[in-house]
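S.K.: Quick one: this structure, given as structure tokens, is what I'll be asking you about.
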Amino acid sequence: MANDVKINLSVEEMAKAGVNFGHTVSRLHPKMKQYVAGIKNNVHIIDLEKTAKEFENALKFISSLIDEGKTILFVGTKIQIKEYVKTTAESCNMPFVVERWLGGTLTNFETISKRVKYFRDFEIKKATGDLDKYTKKERLLFDKELVILKNKFEGIKNLTKLPDAVLILDLKKDITCAKEARKKGIKVIGVVDTNTDPTLADYIVPANDDAISSIKYLLEKIQEVIQGAK
């Protein structure tokens, strides 16, 4: 059962990964005040006891989704984290968005799906040699188009229906995704730094969303839970 999955969270490990470093004092979102433990060098320090509690709650929810065979869309478009988001999503067999969030991905899913199908068909034609009959110039243009399509749709090419939840690794940066998910009644699991409105997420993880070490730690725990629940 999902709730039997082992969740091992250590405040010491979190601190070592820099999960507790928020933003400068001047950038505090008032609704994040409750998750702040103090100030160091003009930077807000996140209360890791509260992070552990909220993260455990989010991980239990993730585990229950996996238990029911549901889909979680991983979203992380910040340059320094996108590779980690992509590899974690792939290892968990989940869809992902690591390039720019395309407006309407959730709220206009039908239209996006048509473009994704076009991309998949294009890929098949390329792989089976169907494009070999064209001139070299035409094939170069096809290759360019394929690169653009791959950039946009690679992570969601097997997403045949709306996801059951979105995991957003930086709620502020990908706020459009959160808003679209809420409109469609899709649950939002969000990593929330001290400069972000936590009410945009259904399950929040108060944490440093800038440091690679912090995001890596969170992703590793998420991966452990997903693979443990399967």
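S.K.: How would you order 64-76, 126-138 from highest to lowest mean count of nearby Cβ atoms within 10 Å? Can you show the working numbers first?
M.R.: Numbers: 64-76: 19.2, 126-138: 10.0.
By packing density, highest mean first, the sequence is 64-76, 126-138.
S.K.: Which net charge results when you count Lys and Arg as +1 and Asp and Glu as -1 among the other residues whose beta-carbon is under 14 Å from that of Thr196?
M.R.: Working: positive: Arg27, Lys31, Lys33, Lys78, Lys172, Lys173, Lys179; negative: Glu54, Asp170, Asp174, Asp193, Asp197, Asp209, Asp210.
Every neighbour counted, the sum reads 0.
S.K.: Can you find, among Ile72, Pro163, Val97, the residue sitting farthest towards the positive end of the charge dipole of segment 30-167, where Lys and Arg contribute +1 and Asp and Glu -1 at Cβ?
M.R.: Working it through, the farthest residue towards the positive pole turns out to be Val97.
S.K.: Relative to the Cα centre, what is the charge dipole magnitude of the chain, using +1 at the beta carbon of each Lys and Arg, -1 at the beta carbon of each Asp and Glu, and rounding to the nearest 20 debye? Kindly include the intermediate steps, with their values, before the conclusion.
M.R.: On the way: 39 positive and 32 negative charges, 178 e Å.
Dipole magnitude for the chain comes out near 860 debye.
S.K.: What list do you get for Ile45, Ile79 if you sort them by fewest beta carbons within 10 Å? Don't skip to the end; give the middle numbers.
M.R.: Numbers: Ile45 16, Ile79 8.
In increasing order of surrounding Cβ atoms, one gets Ile79, Ile45.
S.K.: Of Asn41, Ala58, Thr128, whose Cα points farthest to the positive end of the dipole of the chain (charges on the beta-carbon: +1 Lys, Arg; -1 Asp, Glu; origin at the Cα centre)?
M.R.: My answer, from the dipole projection, is Thr128.
S.K.: Taking N as the number of residues in the chain, what value does Rg over Cα atoms divided by 2.2 N^0.38 Å take? The partial results should precede the final answer.
M.R.: Details: Rg = 19.4 Å, N = 230, 2.2 N^0.38 = 17.4 Å.
Compared with the compact-globule rule of thumb, the chain sits at 1.11.
S.K.: Also, I was wondering about something else. Indicate the helices, whole DSSP H runs only, in the chain that combine a mean Kyte-Doolittle hydropathy of -1.0 or more with a Cα extent along their long axis of 15 angstrom or more. Don't jump to the answer; show the numbers that get you there.
M.R.: Values: long enough: 48-67 (27 Å, -0.10); 109-128 (28 Å, -0.76); 136-153 (25 Å, -0.47); 212-229 (25 Å, 0.36).
Span-like helices, by this rule, are 48-67, 109-128, 136-153, 212-229.
S.K.: Next question, about the same structure. Can I get the semi-axes of segment 109-156's equivalent ellipsoid? Compute them from the C-alpha gyration tensor as square roots of 5 times the eigenvalues, in angstrom, largest first. Before the final figure, lay out each step's value.
M.R.: Numbers: eigenvalues 90, 24, 14 Å².
Equivalent ellipsoid of segment 109-156: 21, 11, 8 Å, largest first.
S.K.: Using +1 at the C-beta of Lys and Arg and -1 at the C-beta of Asp and Glu, which of Thr88, Leu28, Ser113 has the Cα lying farthest in the positive direction of the dipole of the chain?
M.R.: The listed residue farthest towards the positive side: Ser113.
S.K.: Using the 10 angstrom Cβ neighbour count as an exposure proxy, how do Val85, Val25 rank, fewest first? Please list the in-between numbers first.
M.R.: Details: Val85 24, Val25 13.
Taking fewest neighbouring Cβ atoms as first place, the list is Val25, Val85.
S.K.: Based on Cα positions only, what radius of gyration and what Dmax would you give for segment 1-75, in angstroms?
M.R.: 15.1, 45
S.K.: While we're looking at this one, here's another question. Which net charge results when you count Lys and Arg as +1 and Asp and Glu as -1 among the other residues whose beta-carbon is under 13 Å from that of Glu138? List each step's numbers first, then the result.
M.R.: Numbers: positive: Lys125, Lys126, Lys133, Lys136, Lys137, Arg139, Lys144; negative: Asp130, Asp132, Asp143, Glu145.
Its environment carries a net charge of +3.
S.K.: With just the Cα atoms of segment 54-160, tell me how far they stretch along each of the three principal axes, in Å, largest first.
M.R.: Answer, in whole Å and largest first: 57, 30, 26 Å.
Throughout, read-outs are computed from the coordinates displayed, never taken from laboratory work. None of the values given here were measured: they were computed from a predicted structure. Methodologically, a virtual Cβ is constructed for each residue, glycine included, from the backbone with ideal geometry; neighbour enumeration extends over all protein chains shown.
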